[in-house]
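What follows is a set of notes on a single structure, which appears directly below.
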């Protein structure tokens with residue numbers, strides 16, 4: 001199969017992480033965190049997912065490069081590579 | 001149920017998931033050129049992907065909601081469904097059975113039965129399996145729609161759009177149907193497997209923070225211990241010697257034989273729903289590794305899906321509170337938080353059960369409110385997660401329902417197309433025709449699931465319903481495979497008559513026995529009550545034991561009277577006539593057997609820790 005799953009999956013978790021991190025930053029100190037016992041769950045977990053997602057994305061890209069025998073063309077940021 | 005405050009962030013995360021799921025389907029569409037690509041993922045996927053899909057395929061409604069519910073109801077003893085009821089069977093299928101499934105070139109489990117036995121055994125298995133997948137997928141769909149309704153996920157959207165709230169159930173059914181249909185129609189089994197892996201990570205991403213916050217709330221493990229309804233909740237083996245002294249109501253023999261052997265081997269070793277993911281890998285070695293790789297996360301899943309149930313029951317039951325504080329102008333302000341009756345009458349965060357028609361709280365015989373255990377995990381999500389991460393938690397939950405459906409639908413379209421359509425309706429058509437048939441079977445499977453979803457009512461615990469169906473259909477099945485793969489004398493007639501007798505034995509046993517405190521009917525005893533079991537679960541396990549034993553004995557007896565297939569036709573299908581898998585090129589630590597031993601040691605250790 002030519003589509004390495006880690007690429008779309010990494011991208012999705014990066015985006016989710018990004019959304020949570022940004023939202024967590026904006027809502028710092030808000031009352032919504034009374035539920036999670038004062039922990040800014042959005043910010044903390046957003047960062048975790050951001051790291052996880054981007055690592056997976058990069059691993060997938062590296063794996064895909066290995067698979068593609070021809071030297072891959074440069075890909076714009078944020079675009080899913082789908083092989084040939 | 002708590003008032004759900006979802007905001008745009010939550011819906012954004014949900015939407016993102018839907019976009020990616022369908023996007024993966026579209027991206028895969030171009031690779032679906034032959035029926036092999038569509039039904040078998042081209043037999044080209046890496047082992048780790050199939051391994052994670054192997055457990056995710058089973059991680060539908062049954063797992064996430066059911067295991068959390070059982071965790072709240074029975075405690076850590078629920079982990080038997082993993083440590084006894086899954087790991088040994090997963091190791092067995094990887095080490096001993098996968099060489100026959102993968103090596104025989106069968107494209108499905110029923111097709112293996114045709115190669116090993118005969119046409120009628122295959123037809124029987126294919127038909128019962130097709131019905132079961134549709135049923136399971138429909139239950140997932142129903143459970144998901146009901147949950148969306150209970151949690152008021154789309155209420156705000158519906159109110160803003162001026163639509164009646166009564167449509168939410170139908171909308172949810174339709175939404176899940178369209179999404180699952182969309183990605184399977186486009187990308188076939190590859191799409192289903194990819195989305196199962198996606199869901200695997202989503203469940204971890206959504207539930208791990210829940211467990212961490214929940215644990216912090218009760219004061220860590222020691223705090224959890226102090227808050228349990230009784231101390232046995234945190235022990236999996238305490239009181240197992242007798243059915244009356246443990247929460248499951250099962251004694252150790254019934255547990256080990258019924259769950260640990262018959263039901264679990266019947267499911268993990270023969271159910272095409274999970275086997276199809278292993279058969280999608282590129283080599284036989286990898287196919288053998290798939291269940292073993294899957295066993296590693298499977299072993300630790302109790303901490304992700306059972307623990308939230310325990311944390312829910314151990315939390316403080318919400319009650320009306322009044323806080324008094326002085327505001328900026330110096331005035332004294334009283335703020336009263338009113339909780340609903342269902343919450344206040346519940347235990348911990350598990351709400352009381354309400355009658356879906358009257359909306360009143362359901363009481364047991366002694367006048368105490370019954371608890372709605374299936375809401376343990378959803379209540380936890382709503383209670384601890386602020387908007388934002390709540391969207392992630394709910395997405396994880398929705399994803400698990402959809403991937404459970406997807407696995408069933410791909411298993412259904414394969415069995416329908418290869419084992420029923422190609423074998424009995426239209427033989428010898430072009431590959432293109434079968435590929436198109438597979439796509440249309442997907443549509444048919446989804447429509448039938450929708451019909452099932454509307455018909456699904458009855459038991460109050462989803463898992464009990466599924467266990468009941470599995471025990472009728474799957475429990476006798478394992479005896480057929482066991483004898484088929486390890487006894488060359490077993491014949492087609494033996495297998496066929498054995499299977500029917502086994503299923504009949506299950507039905508009769510169910511009709512003759514009843515769990516105590518249950519009414520005759522769906523719970524059993526509809527022929528006559530000759531025996532009472534201490535619990536539903538004990539009855540299910542023993543139904544399975546009877547079904548298996550009957551099939552085992554009948555298959556042997558009938559086979560002994562018939563002539564077996566010539567040995568030349570059984571090469572690659574029976575253990576004694578198949579050359580051992582060639583592993584000489586692998587160093588010892590990379591062989592599947594080594595991994596199997598490591599897994600066994602790990603699972604024993606876990607049992608010792610939580611004994």
(request) Go from 0 up to the bin containing the longest alpha carbon distance in the stretch B:461-579, width 5 Å each, and give me the % of pairs per bin. (result) 2, 13, 20, 18, 14, 11, 9, 6, 4, 2, 0, 0
(request) Determine, from the Cβ-Cβ distance of residue B:339 and residue B:156 and an R0 of 22 Å, the FRET efficiency 1/(1 + (r/R0)^6), rounded to the nearest 0.05. (result) 0.55
(message) Sort B:383, B:575 by Cβ crowding within 10 Å, fewest neighbours at the top.
(response) B:575, B:383
(request) Send over the semi-axes of the stretch B:114-217's equivalent ellipsoid, whole angstrom and largest first, taken as the square roots of 5 times the C-alpha gyration tensor eigenvalues. (result) 34, 22, 14
(message) From Cα pairs below 8 angstrom and at least 6 apart in sequence, can you work out the relative contact order of the stretch A:6-67, rounded to a whole percent?
(response) 55 percent
(message) Using only the alpha-carbon atoms, how far is helix B:47-56 inclined from the longest principal axis of chain B? Give it as 0 to 90 degrees, nearest 10.
(response) 60 degrees
(request) Could you work out the relative contact order of the stretch B:461-579, using alpha carbon pairs under 8 angstrom and six or more residues apart, expressed as a whole percent? (result) 39 percent
(message) Based on alpha-carbon atoms only, what is the radius of gyration of the protein assembly as shown relative to the globular estimate 2.2 N^0.38 Å?
(response) 0.96
(message) If each DSSP helix of 4+ residues adds -39,500 (n - 2.57) and the sum is divided by the residues in chain B, what number results at 222 nm, nearest 500 deg cm²/dmol?
(response) -19500 deg cm²/dmol
(request) For the protein assembly as shown, give the share of DSSP beta bridges that are antiparallel, in percent and rounded to the nearest 5; count only bridges with both residues there. (result) 75 percent
(request) Give the peptides A:12-20, B:113-121 in descending order of average Cβ contacts within 10 Å, highest first. (result) A:12-20, B:113-121
(request) Using only atoms on other chains, find how many Cβ atoms lie within 10 Å of each Cβ of peptide A:33-45 and report the average. (result) 6
(request) Could you state the angle between the C-alpha long axis of helix B:8-29 and the longest principal axis of the C-alpha atoms of chain B, as a value from 0 to 90 degrees rounded to the nearest 10? (result) 10 degrees
(request) Measure of size requested: the Rg and Dmax of the stretch A:6-67, with Cα atoms as the atom set and Å as the unit; please supply both. (result) 14.3, 49
(message) With angles folded into 0 to 90 degrees, how steeply does helix B:431-455 sit against the dominant principal axis of chain B? Use alpha carbons for both and round to 10.
(response) 40 degrees
(request) Sort B:140, B:340, B:35, B:423 so that the residue with the fewest other Cβ atoms within 10 Å of its own Cβ comes first and the one with the most comes last. (result) B:340, B:423, B:35, B:140
(message) Highest mean first, how do B:594-601, A:47-54 rank when packing is the count of other Cβ atoms within 10 Å averaged over residues?
(response) A:47-54, B:594-601
(request) Fewest Cβ neighbours within 10 Å first, please rank B:11, B:221, B:440, A:45 accordingly. (result) B:221, B:440, B:11, A:45
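Just so you know, all these numbers are worked out from the coordinates, no wet-lab data involved. Not measured: the values here are computed from a predicted model. All Cβ positions, even for glycine, are placed from backbone atoms using ideal geometry, and neighbour counts span all protein chains on display.
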